[in-house]
Amino acid sequence: MEFHELPLGEQLLIARRGTAYFAQRLADLTDTDLDGDTLLPGWTRRHLLAHVGYNAAALCRLLDWAATGVETPMYASPEQRAREIDEGATLTPAALGNLFTHTAARLDEKWRNLPPTAWAAQVRTAQGRLVPAAETAWMRTREVWIHAVDLAGNGRFGDFPTVVLDSLLADIVGMWCTKDLGTGLVLSIDGRTPIAVHQDSPPQHTVAGPLAAVVRWATGRGAIGVTIDTDLDGPPRWL
Ligand code: ZN
């Protein structure tokens, strides 16, 4: 089962559960912990918290675009996005917490009030992809679940709903194929038929383990609980 096959209401529920999961991992941390590093190079937890807040605000802009037809991009430019995160990272812990809570609530309100016909309206992601507004459910789902692990606290891929893990895997393998990366790579998930990233290339490396561990590795969050049969320098880039 893939995320996109679920009814929209269930998709939004999984996104909201991800927000709650992120909020719980955040609650495990003290104010001074926010100065510590995340799993993302160069970003403290402050940067990550600012990013997750501004991401919700950016998705609100896509929903406004879908509702009104007036083009409002997620971010004015990659530079503006980076600057906003750098500035946001200097906010007080309380202000960062409020930013996360308020933007998540605003996104939820936009989802609840979006006219039924607007869900199919085409909007553009920060990567330049044209997608229906309904894709914001998956875009936010990916953000909150993965970044909850990036907080480098108690977040674990093993806590993710299976449908999220399966859909992440499909996204990542699809992206590798599009970019012609991962030639000869085989993902062998416990209890499943192995997946050759490029079906017509001979297998060279196998990464094996439980679903959550293989997906964690594939997202570039470390080789924990996976077996790798040759020395790979980590997974190909995904985003
Ligand atoms: Zn992100």
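The values are calculated or read from the model by the stated rules, or taken from the named source; none is laboratory data. Bear in mind the structure is a predicted one, so any value in this text is a computation, not a measurement. Positions of Cβ are backbone-derived with ideal geometry, glycine not excepted, and every protein chain shown enters the neighbour counts. Ligands, DNA and RNA are stripped out before the accessible areas are found, and what is left, the full protein with its side chains, is counted by its heavy atoms. Shrake-Rupley method; radii C 1.70, N 1.55, O 1.52, S 1.80 Å.
Scanning the stretch 59-78 for residues that are under 22 Å from H47 (Cα atoms) and either modelled with pLDDT under 95 or outside any helix (DSSP H, G or I) (or both) returns P73, M74, Y75, A76, S77, P78. Residue count for the stretch 132-156 satisfying the condition of being open to solvent by less than 30 Å² (accessible area, probe 1.4 Å) and within 16 Å of the ligand (Cβ to nearest atom): 16. For the stretch 101-131, a residue qualifies if it is outside any helix (DSSP H, G or I) and open to solvent by less than 40 Å² (accessible area, probe 1.4 Å), and the qualifying residues are L114, A121, V123, T125, V131. Filtering the stretch 230-239 for residues that are modelled with pLDDT under 95, at negative phi, within 16 Å of the ligand (Cβ to nearest atom) and of a type in the set (F, W, Y) leaves a non-empty set. If you go through the stretch 165-209, how many residues are open to solvent by 10 Å² or more (accessible area, probe 1.4 Å), part of a loop (DSSP other than H, G, I, E, B) and over 22 Å from R142 (Cβ atoms)? Within the stretch 165-209, residues that are open to solvent by 10 Å² or more (accessible area, probe 1.4 Å), part of a loop (DSSP other than H, G, I, E, B) and over 22 Å from R142 (Cβ atoms) number 13. Determine which single condition L34 fails, assuming it passes every other condition in (1) open to solvent by 20 Å² or more (accessible area, probe 1.4 Å); (2) away from the ligand (no atom under 16 Å from the Cβ). Result: L34 fails condition (1) only. Answer with yes or no whether A56 is within 13 Å of the ligand (Cβ to nearest atom), surrounded by fewer than 16 Cβ atoms within 10 Å (Cβ to Cβ) and within 29 Å of D33 (Cα to Cα). Taking the combined requirement at face value, the residue does not satisfy it.
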